[in-house]
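Enquirer: Take this structure first; my questions come after.
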Amino acid sequence: MTRVVLAMTGASGAAIGLRSAELLHALPDVEIHLVVSQAAERTLAHEVGPDAAVRLRALADVVHPVDDIGASIASGSFGSTGMLVAPCSMHSLAAIASGIADNLIVRAADVHLKERRRLVLVARETPLHLGHLRNMVAVTEMGAIVMPPVPAFYHRPASVADIVDQLAARAIDLLGLPVAPLAREWQG
């Protein structure tokens, strides 16, 4: 069984997090541990719909409360292949960069960094100021992968759903799971 921690914070881009959960759920032998911030709950309802949080939780094997810093995923002894934060707010990125583990999302991210496991942050904000960029550099130097949700237009997406699908698939591919790439590959 491959364990993946999926976290969602309050940044715009909730559809990417939900689609990531759907894609992970469809993979064989993947156990999803979900953590959703209060701001993410609000963003999910606003951007995806009032039933989005219920749909998201139904895709997870385990749902952890964001304030439970004693949850299993808060320990290095909890084995996981990686963690995806999609979307990742600049607030959460800054907390991860500075090691301020005051909630389960940041604590689990901190554990993934210290255990040298994959941590993919779908960092959502634009434009970026110097503080955002410095935090991105800091987490990258610690071993995280920062993936701003910038669409690949060479695939000629026909809809927003096509863009969301490609971004979610690409983020999951960055986790290095033992599955074929989910994102459409460039064919030259």
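The values are calculated or read from the model by the stated rules, or taken from the named source; none is laboratory data. Treat the numbers as computed from the prediction; the structure is a model and nothing was measured. Quick reminder, even Gly has a Cβ in these numbers, built from the backbone with ideal geometry, and neighbours come from all protein chains shown. Quick note on the areas: whole protein, heavy atoms, side chains included, nothing else; ligands and nucleic acids left out. Shrake-Rupley method; radii C 1.70, N 1.55, O 1.52, S 1.80 Å.
Enquirer: Could you give me the residue pairs with C-beta distances under 8 Å whose first residue belongs to region 114-143 and is among the acidic types (Asp, Glu), whose second residue is not in a strand (DSSP E or B) wherever it lies, and which are 6+ apart or on separate chains?
Expert: From region 114-143, the pairs are GLU115/GLY76; GLU125/ALA11; GLU125/SER89; GLU125/MET90; GLU125/HIS132.
Enquirer: A further question on this structure: May I ask you to list the residues in region 154-188 that are over 12 Å from ARG19 (Cα atoms) and among the acidic types (Asp, Glu)?
Expert: ASP173, GLU185
Enquirer: Among the residues of region 88-117, what is the count of those that are farther than 16 Å from HIS33 by Cα and either open to solvent by 70 Å² or more (accessible area, probe 1.4 Å) or among the β-branched types (Val, Ile, Thr) (or both)?
Expert: Qualifying residue count for the region: 8.
Enquirer: With the structure loaded, tell me whether LEU18 is of a type outside the set (Asp, Glu), more than 19 Å from HIS91 (Cα to Cα), in contact with a Leu (Cβ under 6 Å, 6 or more places away or on another chain) and at pLDDT 95 or above or whether it fails that test.
Expert: yes
Enquirer: Would region 164-178 turn up any residue that is open to solvent by 60 Å² or more (accessible area, probe 1.4 Å), over 17 Å from ALA86 (Cβ atoms), in contact (Cβ under 8 Å) with a residue 12 or more places away in the chain and part of a loop (DSSP other than H, G, I, E, B)?
Expert: yes
Enquirer: Give me the pairs: first residue in region 13-28 and at positive phi, second residue open to solvent by less than 10 Å² (accessible area, probe 1.4 Å), beta-carbon distance under 8 Å, and six or more apart or on different chains, which are they?
Expert: GLY13/ALA86; GLY13/PRO87; GLY13/VAL122
Enquirer: Let me confirm something: among VAL63, VAL120, which residue is under 12 Å from ALA7 (Cβ atoms) and open to solvent by 20 Å² or more (accessible area, probe 1.4 Å)?
Expert: None of the other options fit; the residue is VAL63.
Enquirer: Then there's this: I'd like the full set of residues that are closer than 15 Å to VAL54 by Cα and among the acidic types (Asp, Glu), limited to region 1-33.
Expert: Matches in region 1-33: GLU22 only.
Enquirer: Among (1) over 23 Å from ALA40 (Cα atoms); (2) modelled with pLDDT of 95 or more; (3) in contact with a helix residue (DSSP H, G or I) (Cβ under 9 Å, 6 or more places away or on another chain), which single condition is ALA109 missing?
Expert: Condition not satisfied by ALA109: (1).
Enquirer: Moving on to the next point. How about region 32-76: which of its residues are within 15 Å of the chain's Cα centre (by Cα), among the charged types (D, E, K, R) and within 24 Å of LEU174 (Cα to Cα)?
Expert: ARG57
Enquirer: While we're here: Looking at (1) closer than 29 Å to PRO28 by Cα; (2) assigned to a loop (DSSP other than H, G, I, E, B), can you tell me which one ALA109 breaks?
Expert: (2)
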